[in-house]
Amino acid sequence: MDFLTSIIYIVIFIITMVFIFSAGLLTPMIGKKNIAIVGVAGFIIGIIGGGFLIIPIYQDLPYLIGDIHSVIDPNHEVLKVSVSSKSNLNQSIEAIKKMKGFKSLKETGFKILTTSFSADRKKFIENHLSQQYMSYEVNPSGVVKVFTNKGFELNEVNNFSQWLHYTGAITTLSSFIYFDVDVNAFNVVENINNFNKGDIIIESATGPVQDTINFVKSKSDDKYVLLVTGIIGLFIAMLGSFWDTVHGFIKSNN
């Protein structure tokens, strides 16, 4: 959510609170015995306003704090990117190099989606991979991920697909090349928003700024925001209901 939209949401929430306050001012007309109804209405409207207007801003808070971190500590982050091997790989690499804040990239592995296979075949595949790659993940549902600390050629993916077919009649449905893309920390969110489409998918981001974002997310809980906005609505409603008393008290002390 951009800054202007956030301001608009906050202004609308304030207007909602003014409405609740105005409703409280009507208490003398509807009778003091109805104060509880006004308070409950204020609490409910506060929760509704919080849900529609404050929660969207609150959910963007981790990214705002991440942006602040990236300004204070303009280090780099690593984007985990996957590119379809059936795409024009050179064209995709050139697109990656045009990312905002791009520094460098390197191939780190590949993923192959296949037809399902048995648990025994899983062990057979893992034994084969252990002889060539530093780490891997094999899921019998039809997902094989391979990670390497050295460069590799595209034909390695094709050769592995053929090996799966010849040794176990496992058909490759699609395959992807993994890249680690080093970018400026400040450009992480923008790149994620711009590149999660087509043949280039940003699967995750790692680094100090992302650690900050994940930490704030882990401490965030929408229900507490709703509780706070509900209490604010209740307080504003009660303030309106007893405004004559409050106003008189303030006046007498000035």
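Name the residue, out of Val188, Val209, Val225, that is modelled with pLDDT of 85 or more and assigned to a helix (DSSP H, G or I).
Val225 is the lone residue from the list that is modelled with pLDDT of 85 or more and assigned to a helix (DSSP H, G or I).
Would the stretch 41-50 turn up any residue that is under 22 Å from Val181 (Cα atoms) and not in a strand (DSSP E or B)?
Taking every residue of the stretch 41-50 in turn, none turns out to be under 22 Å from Val181 (Cα atoms) and not in a strand (DSSP E or B).
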In the stretch 96-118, which residue that is among the small types (Gly, Ala, Ser) and touching a strand residue (DSSP E or B) at 6+ places or on another chain (Cβ under 8 Å) is surrounded by the most Cβ atoms within 10 Å (Cβ to Cβ)? Gly109
Just checking, how many residues over the stretch 4-25 are under 21 Å from Val228 (Cα atoms), of a type outside the set (A, V, I, L, M) and within 33 Å of the chain's Cα centre (by Cα)? 4
Looking at Thr115 and the list (1) under 25 Å from the mean Cα position of the chain (by Cα); (2) at negative phi, which single condition is not satisfied? (1)
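So, in the stretch 243-254, how many residues would count as being in contact (Cβ under 8 Å) with a residue 60 or more places away in the chain and either hydrophobic (A, V, I, L, M, F, W, C) or crowded, with 20+ Cβ neighbours inside 10 Å (or both)? Reasoning before the result, please.
Taking the stretch 243-254 and keeping what is in contact (Cβ under 8 Å) with a residue 60 or more places away in the chain, we get 243-244.
The next check asks that each one be either hydrophobic (A, V, I, L, M, F, W, C) or crowded, with 20+ Cβ neighbours inside 10 Å (or both); those that pass are 243.
The total comes to 1.
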Which numbered condition trips up Met99, out of (1) without any contact (Cβ under 8 Å) to a residue 40 or more places away in the chain; (2) within 12 Å of Val181 (Cα to Cα)? (1)
Check the stretch 225-236 and report whether any residue there is touching a residue at least 24 places away in the same chain (Cβ under 8 Å), surrounded by 14 or more Cβ atoms within 10 Å (Cβ to Cβ) and either in the same structural domain as Phe124 (by TED's automatic domain parsing) or among the hydroxyl-bearing types (Ser, Thr, Tyr) (or both). yes
Among the residues of the stretch 76-94, is any in contact with a strand residue (DSSP E or B) (Cβ under 7 Å, 6 or more places away or on another chain), at pLDDT 90 or above and among the small types (Gly, Ala, Ser)? yes
Which residues, counting only those in the stretch 80-92, are over 14 Å from Val157 (Cα atoms) and in contact with a Phe, Trp or Tyr (Cβ under 8 Å, 6 or more places away or on another chain)? Lys80, Val81
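In the list Ile15, Ile47, Ile10, Ile55, which residue meets the criterion of being out of contact with any helix residue (DSSP H, G or I) (no Cβ under 6 Å at 6 or more places or on another chain), in contact (Cβ under 8 Å) with a residue 40 or more places away in the chain and either of a type outside the set (Lys, Arg) or assigned by TED's automatic domain parsing to the domain that holds Ile231 (or both)? Walk me through it before giving the result.
Numbers: Ile15 fails: in contact (Cβ under 8 Å) with a residue 40 or more places away in the chain; Ile47 fails: out of contact with any helix residue (DSSP H, G or I) (no Cβ under 6 Å at 6 or more places or on another chain); Ile55 fails: out of contact with any helix residue (DSSP H, G or I) (no Cβ under 6 Å at 6 or more places or on another chain).
Result: Ile10 is the single residue among Ile15, Ile47, Ile10, Ile55 that is out of contact with any helix residue (DSSP H, G or I) (no Cβ under 6 Å at 6 or more places or on another chain), in contact (Cβ under 8 Å) with a residue 40 or more places away in the chain and either of a type outside the set (Lys, Arg) or assigned by TED's automatic domain parsing to the domain that holds Ile231 (or both).
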Kindly indicate which of Pro62, Pro28 is more than 30 Å from Leu173 (Cβ to Cβ), over 25 Å from the mean Cα position of the chain (by Cα) and of a type outside the set (D, E, K, R). Pro28
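The values are calculated or read from the model by the stated rules, or taken from the named source; none is laboratory data. This structure is a prediction, so every number in the text was calculated from the model and none was measured. Cβ sites come from the backbone with ideal geometry, for glycine too, and all protein chains shown count toward neighbours.
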